[in-house]
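Any read-out appearing in this document is the output of simple, stated calculations on the displayed coordinates, not a laboratory observation. All figures in this text were calculated on a predicted structure; none of them were measured in a lab. Note that we place each Cβ from the backbone using ideal geometry, even for glycine, and neighbour counts take in every protein chain shown.
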Amino acid sequence: MIPKYRKQYNQAFSDEKYNQLKGILAEKGGIEPTFRVSESPIFLTKEFEAKLIDASESIISQIKAMPAELLQKAIPDNCRVPNDTDQPHFFTIDFGVCKSENGSIEPQLIELQAFPSLYAFQKVYEETYCEVYPFLSEIKNPMSHESFKNYLKELIVGDEDPENVILLEIFPEKQKTAIDFALTEKLLGIKTICLTKVKKEGRKLYYENNGTLTEIKRIYNRVIFDELDNIPDLTPEFNFREEVDVKWITHPNWFFKISKFLLPLLQHEFVPKSYFLHEFPENENLEDFVLKPLFSFAGSGVNLNPTKEITDSIQDKENYILQRKVYYEPIFEDINGDFSKAEIRLLYIWRENDERPILLENLGRMTKAAMVNVDFNKKDAIWIGSSNAFFG
């Protein structure tokens, strides 16, 4: 894909430049990334980008047309949070880079979610690639750093004083995405606060800010709500299910509403056929499908080779889907002549008064393993890990 830039990049690459890239990221974030940073960006054509956008726009239109009551069915009763919103503030959508039956390279939908990904990190990551390899500036995202910052600030901070806005996470210092939290703090002037440090008085929430109890008016939420129940001895003062005077960015209910729950309901040439497990037709071949729990994160619980014995043993079949397998095409050549596979996550924001979301940035993942997820990159290889896509 874009042979000119792949050849130029591979010729310019060196271990010194890779270490320089990681060093600049660590300097900008104040901490090192705790996930693997790929040695290389992903180069894709404008034609491929157009296919991504076309599929995304179609999916967005289909979601907008769905009745609110249908989306509400996706929320587990024990995870329902009061004061839901009409639309999410974030929308992210993952596509694998695959080969069609006629041999053309095309995207295939993997999953989608209304949950913030590494927005701040990915913009800095893209800019850092351009610092280390200046020729990449020819094909970088045309959105300026200032415009990107203004979009995120308007969305997350709004009209509030940044000290009344927090990034909320559970034990943030232990999260693999900690560098994104640090970069978000620098970008927006807000603080990252652990859920265990949030104090509640009546309907109001507070946190300690340099010794002063400060009211929280807006929450940039990075907590995966359904994971809280799996953390032993967690006793925060604030329970998500309670009525509180706070604005969620984005509301936790949307984590469930825009999720794998939608995959069986979407139609497009770049959307692989999916079924809820309890509705899987007898005329389909189980070997052609991947089994996914509806509510999981970072690839946990996914079974690439489900058997009838496995699917029959599942009690809550309505909480699983079977998604037709797609085959990632290894087309991203490294300096040794080996090839990596990849997927692209498009990072949108959705302002409250806008009809449609705005695409801000992308996130790439590269692998030589069976699953395209940074957690599954156990192989001692290069051209694997977190990346960024350039289109030219």
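Numbers at a glance
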read-out	value
Cleavage-rule hits (trypsin sites (Lys or Arg not before Pro)) in region 203-258: DSSP loop, at most 14 neighbouring Cβ within 10 angstrom	ARG203, ARG241
Rg [Å, one decimal], Dmax [Å, integer] - region 155-196, C-alpha atoms	10.2, 31
Calculated on alpha-carbon atoms, Rg and Dmax of region 235-327 in Å	16.4, 51
Cα gyration tensor, region 208-274 - rounded (a/c under 1.5), prolate or oblate	prolate
Shape metrics for region 273-325, restricted to C-alpha atoms - Rg then Dmax, Å	10.0, 31
For region 147-237: span of alpha carbons on each principal axis (Å, largest first)	42, 31, 23
Three-way shape label, region 72-183, alpha-carbon gyration tensor, a/c 1.5	oblate
Mean-position separation - Cα centroids, region 1-36 and region 275-323, in angstrom	38 Å
Only Lys, Arg (+1) and Asp, Glu (-1) charged, at Cβ; the chain dipole about Cα centre in debye	460 debye
Cleavage-rule hits (trypsin sites (Lys or Arg not before Pro)) in region 79-178: DSSP loop, at most 15 neighbouring Cβ within 10 angstrom	ARG80, LYS176
Shape category assigned to the chain from the gyration tensor of Cα positions, a/c cut at 1.5	oblate
Ranked packing of 110-116, 10-16, most packed first, by mean Cβ within 10 Å	110-116, 10-16
Within region 49-108, GluC sites (Glu not before Pro) in DSSP loop having at most 11 other beta-carbon neighbours inside 10 Å	GLU101
